[in-house]
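Novice: First the structure, then my questions, so here it is.
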Amino acid sequence: MVPDHQGGGVMRADLFAEPVAGLEEALAAVDAFDRALIGGLLRPQPAQAAGLAELTDAVAGTPLAARVAEAAEKAAAGAAGEEHFTALAAARTALLGSVHDALTAVADEAAGRTRTEAPAAEPAAEPAEPHAPNLQAAARSWLADLARAGWQGIDHDLVSGSAQLVSAMLPDPALRRLATLLDGFAAELAASCPGATLDTFPVRRWADLWSRALLLAQPGAASTPPAGTATGRLLPLGIDLQEHATAALAQVHAVFEPADGGTPRLVRAAVAVPKPDTVVGAGVWQLLRPHMSLLAAVGEGRSMDLEDMPITPEGDLVWNDAHARPGEPADAFSTARVVLSAAEATATAPLDRHPAGIALPVLLEGYTVQQDGDALALVLAGHPVAVDTDRIPAAGPLTPEAVAASGACIALLRWDAGAYLLQPLAVETTVRKKTVALHAGAWAGGTADKLGVKAEKAATDAVAVLRERAGRLLRK
């Protein structure tokens, strides 16, 4: 919601309750194909063939139609090759891309925000020399074997086939994105082996990872368009911290004001690091902080002045501290109230068009809070929007209780499990008759908060022990 006196209007939360044309049909086709992967496509049963046919019908009339129909026929006969699995993965990705576009259009309308169009495809140039084609081919072969075995057929021998492949890919920056995806996917599969003993499967997630990896393993898929540059003022809104047992990522959402007076735009800057599983909570900031000065600026409530900072067409800053310096103090809520409603959103890269990737910064005010046990929702003009409290990180002072007591909220608007959700990045609440702001990323640059200091000390001790052990192993 944007205050009326600053030229905005109330966020149209009522739009979230309206059905989106074609949404259920597209997701049903995706689900039908995903179920076919459970039993594997080496000797598919009639139900699996029906799922393949449903995917084919969903893309009929599109440029993919003929190729997907051939691939589905081969797969139903148990004779699919890598090229056929690729066509099926492309069809599935295209359907989820259409769902992403439809949901994003509703979110943009609800927030009163405009979005840049995706750049037109340029004429095909002379094909470049394939980069590490043997490794990409090996990745496609392993993924094809997974599809034939199905999730019920996975075992440690099959899953471990990716280990040497990942080790060979990781040192190459051009292949690191695919290598990281394959490594994480294989780790999840290995933790579930043997598949024959499982009662349930994360069907949508594993099919997402499989199809995305297969497309990224195509020649040229990992190439990116040339980055532009950004010169102007960066006004942070908040940090989305994502943590895994062995990795952590901090993504800063911000508004960028070009120095030439152009239209403000929504941008992101991210940093990711590997981590030991013993470092959790606020200790994660110790690992992330040295790699991005922006985290300290967010923690201190400052803007950043950028000069020729590389930026992708999708609004992702390719962060380099040499192109940034700390600016003036900048309150995130002031930024949200004054600039956010006028900031233009950017188009999404083709392979990133997925409902799970929707994350639109919004400002909410004038709401009431609806709470039922652990379930929390912010009610806008009589329309509740659920709060995803599981996404509030433990590495900061923001808590579900603070959200429930808040009067204003900066959040990421997401979509999951068939509904729009809010992921709070910061809230304004009243403490001892004073309005205070609590940010999920408040401890990013360091903190004097007792809980934060305690967590950071525990992380320091854990890292010191791990370094000492690593040193002993190297000396041996």
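The values are calculated or read from the model by the stated rules, or taken from the named source; none is laboratory data. Just so it is clear, the structure is predicted and the values come from calculations on it, not from any experiment. In this analysis, Cβ positions are derived from the backbone assuming ideal geometry, glycine residues included, and neighbour counts consider all displayed protein chains.
Novice: Looking for something in a strand (DSSP E or B), at pLDDT 95 or above and out of contact with any Ser or Thr (no Cβ under 8 Å at 6 or more places or on another chain) - is there at least one such residue anywhere in segment 338-361?
Specialist: Yes, the conditions are met somewhere in segment 338-361.
Novice: All but one of (1) modelled with pLDDT of 90 or more; (2) within 18 Å of the chain's Cα centre (by Cα); (3) surrounded by fewer than 23 Cβ atoms within 10 Å (Cβ to Cβ); (4) not acidic (Asp, Glu) hold for residue 269, so report the exception by its number.
Specialist: Result: residue 269 passes all but (3).
Novice: When you look at residue 66, is it farther than 28 Å from residue 155 by Cβ and at pLDDT 95 or above, yes or no?
Specialist: Numbers: farther than 28 Å from residue 155 by Cβ: yes; at pLDDT 95 or above: yes.
The answer is yes for residue 66.
Novice: Taking the options 132, 128, 89, name whichever one is under 28 Å from the mean Cα position of the chain (by Cα), at pLDDT below 95 and either among the small types (Gly, Ala, Ser) or assigned by TED's automatic domain parsing to the domain that holds residue 42 (or both). Break it down stepwise before answering.
Specialist: Numbers: 128 fails: under 28 Å from the mean Cα position of the chain (by Cα); 89 fails: at pLDDT below 95.
Just one listed residue meets the conditions, 132.
Novice: Right, another one. Checking residue 407 against (1) farther than 26 Å from residue 264 by Cβ; (2) part of a strand (DSSP E or B); (3) at pLDDT below 95, only one condition comes out false. Which one?
Specialist: Answer for residue 407: the failing condition is (1).
Novice: Taking the options 28, 17, 21, 76, name whichever one is over 22 Å from residue 351 (Cα atoms) and at pLDDT 95 or above.
Specialist: 76
Novice: Could you list, in sequence order, the residues of segment 307-323 that are in contact with a helix residue (DSSP H, G or I) (Cβ under 6 Å, 6 or more places away or on another chain) and either surrounded by 15 or more Cβ atoms within 10 Å (Cβ to Cβ) or not in a helix (DSSP H, G or I) (or both)?
Specialist: Passing the criteria: 307, 308, 309.
Novice: Please work out if residue 391 is surrounded by 14 or more Cβ atoms within 10 Å (Cβ to Cβ), of a type in the set (Lys, Arg) and more than 17 Å from the chain's Cα centre (by Cα).
Specialist: Considered against the rule, which asks whether it is surrounded by 14 or more Cβ atoms within 10 Å (Cβ to Cβ), of a type in the set (Lys, Arg) and more than 17 Å from the chain's Cα centre (by Cα), residue 391 comes out as no.
Novice: Go through 245, 207 for me and flag whichever is surrounded by fewer than 16 Cβ atoms within 10 Å (Cβ to Cβ), small (Gly, Ala, Ser) and either at pLDDT 95 or above or outside the structural domain of residue 154 (by TED's automatic domain parsing) (or both).
Specialist: Details: 207 fails: surrounded by fewer than 16 Cβ atoms within 10 Å (Cβ to Cβ).
The unique qualifying residue is 245.
Novice: Which numbered condition in (1) under 26 Å from residue 423 (Cα atoms); (2) in contact with a Phe, Trp or Tyr (Cβ under 9 Å, 6 or more places away or on another chain); (3) among the small types (Gly, Ala, Ser) is the only one that residue 213 fails?
Specialist: Unmet condition: (1).
Novice: Evaluate the following for residue 269: is it of a type outside the set (Asp, Glu) and in a helix (DSSP H, G or I)?
Specialist: no
Novice: Quick one: what pairs do we get from segment 312-334, first residue not assigned by TED's automatic domain parsing to the domain that holds residue 254, second modelled with pLDDT of 95 or more, C-beta under 7 Å, 6+ apart or different chains?
Specialist: If the second residue must be modelled with pLDDT of 95 or more, no pairs are left.
Novice: Still on this structure: Test of understanding: among 206, 285, which residue is under 30 Å from residue 38 (Cβ atoms) and either in contact (Cβ under 8 Å) with a residue 40 or more places away in the chain or of a type in the set (Ser, Thr, Tyr) (or both)? Lay out the reasoning, then the answer.
Specialist: Values: 285 fails: under 30 Å from residue 38 (Cβ atoms).
Testing whether each residue is under 30 Å from residue 38 (Cβ atoms) and either in contact (Cβ under 8 Å) with a residue 40 or more places away in the chain or of a type in the set (Ser, Thr, Tyr) (or both) leaves just 206.
Novice: If you go through segment 149-193 one residue at a time, how many are assigned to a helix (DSSP H, G or I), of a type in the set (Asp, Glu), farther than 15 Å from residue 138 by Cβ and out of contact with any Lys or Arg (no Cβ under 9 Å at 6 or more places or on another chain)?
Specialist: 1
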